[in-house]
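Accompanying notes for the structure given below.
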Amino acid sequence: GLGLLLTGRFVLSRIIGAQMREGRFDRRTAIVGGGPIAEDLIRALDAETESGIRIVGVFDDRGDRRSDAVVAGYPKLGTVDDLVAYARTTRLDLIVFTIPIAAEDRILQMLAKLWVLPIDIRLSAQASKLRLRPRAYSYLGSVPVLDVFDRPMADWDIIAKSLFDRLVGLAMLLALSPVMLAVAAAV
């Protein structure tokens, strides 16, 4: 039994390791905001190969004159309105705002458009002069971010809900099977 358990774990770790190297577990991430702060964030995330973050592009509400078409090697894919449409048609796991915290009105306007998406939303704290306790931040690799919104169900919650649904369905089927058999016999 112990040998089978160890062999099974070894095989499973090899399979998962291969899938991780292929990027199947990477979090597809959109960056909101351009400029030097976004470039610094992108470079910091790209420098960490084990961060599990794959940047899909940059979205910025500022016009093309105020925002470059390419930010740190990633294309500008449109505005926040385009981001909502993009997230509905493409798998997207995370949105990171690189807009300074001082621009709270602009951030709130953008967030009002993004609340409809079941996606994690973070605010980059890398360039912020605001210093909070280390526990106040979550990290993407070594990049500090502030959590703005978490998707309703993520990670193991999805598996737990699926398992719960199946077990309750099976229990209801077993509990109601005598009644269903009686109705079938009566018909």
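The values are calculated or read from the model by the stated rules, or taken from the named source; none is laboratory data. Note that the structure is a prediction, hence the values are computed from the model and not measured. Methodologically, a virtual Cβ is constructed for each residue, glycine included, from the backbone with ideal geometry; neighbour enumeration extends over all protein chains shown. For the accessible areas, the whole protein counts, side chains as well, though only heavy atoms, and no ligand, DNA or RNA atoms are used. Shrake-Rupley method; radii C 1.70, N 1.55, O 1.52, S 1.80 Å.
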Subset of the stretch 60-118 [among the aromatic types (Phe, Trp, Tyr) and within 22 Å of residue 141 (Cα to Cα)]
74, 97
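Out of the residues in the stretch 140-180 that are among the basic types (Lys, Arg) and at pLDDT 85 or above, which is farthest from residue 95 (Cα to Cα)?
166
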Matching residues in the stretch 1-37 - criterion: being in contact with an Asp or Glu (Cβ under 8 Å, 6 or more places away or on another chain) and aliphatic (A, V, I, L, M):
32
Do we find a residue being farther than 29 Å from residue 158 by Cβ, buried (at least 18 other Cβ atoms within 10 Å of the Cβ) and among the acidic types (Asp, Glu) anywhere in the stretch 66-86?
no
Looking for whichever is among the small types (Gly, Ala, Ser) and touching a Gly at 6+ places or on another chain (Cβ under 9 Å) here; the options are 30, 18. Which one fits?
30
Checked against (1) open to solvent by less than 70 Å² (accessible area, probe 1.4 Å); (2) within 17 Å of residue 119 (Cα to Cα); (3) not aliphatic (A, V, I, L, M), residue 91 satisfies every condition except (1)
